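For reference, the structure is listed below as structure tokens.
Only the coordinates and a few stated rules stand behind these numbers; no lab work does. Since the model is a prediction, treat every value here as computed from it, not as a measurement. Glycine also receives a Cβ, built like all others from the backbone with ideal geometry; neighbour counts cover every protein chain displayed.
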Amino acid sequence: MLIKAAILANATELEQIYSLSFESNASFFPDDMEEEDDEGEEDFSFESAIMMPDKTVLGLWINDRLIGGAVISGNSTGIHTLDRLFILPEEQGKGYGFHAWMEIENMYPDAKEWTLRTPTCLINNVCFYVNKCGFTIVRVEDMGKDGVGMYVFSKKAS
């Protein structure tokens, strides 16, 4: 797998892959789920994220095919946030996400801590981040009346 910084020419394809990845999890969300956007979520685009100095957008490539991506936010205190990690649905379960995460960690030797958020109803994400990647759930935020909230994860850098 090749992991490299995304360029503007990749933005549309990353949007499509992210949408397909998100849609593949739709059955795990309750039918009556409350629609509350995360802060800034409605304004997110890969094109704008690629241009932001405080974000890194990565493309995940197998051979010459873009199969996924990641968005990382960092700050000067060494706390980095994995905003997104996504893989094409037909490529999930092949170890690409774990491989990408391991490489991302290596790309940030200055990191003191990593954080991320994922919906409470996506148990496959929870298992991946806790059992494979070594994160710990530190709290639940934004719990809605529908029972869906956001797990907040943390991992101290090694």
Given [x] -0.28, -0.35, -0.51, -1.56; [y] -0.29, -0.36, -0.52, -1.37; [z] -0.39, -0.46, -0.62, -1.25 as possible values of log10 I(q)/I(0) by the Debye sum over Cα atoms at q = 0.09, 0.10, 0.12, 0.20 Å⁻¹, the one from the coordinates is [x]
Partner lysines whose C-alpha sits under 18 Å from that of Lys155, ignoring same-chain residues fewer than 8 away, are Lys112, Lys132
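What's the FRET efficiency of Asp43 with Tyr108 using the Cβ-Cβ distance as r and R₀ = 25 Å, to the nearest 0.05?
Numbers: r = 25 Å, r/R0 = 1.00.
Efficiency, from the Cβ-Cβ distance: 0.50.
Rounded to the nearest 500 deg cm²/dmol, what is the calculated helix-only ellipticity per residue at 222 nm for the chain, with -39500 (n - 2.57) per DSSP H run of length n ≥ 4? Show your work: numbers first, answer last.
On the way: 4 runs with 36 residues, N = 158.
So the helix-based figure for the chain works out to -6500 deg cm²/dmol.
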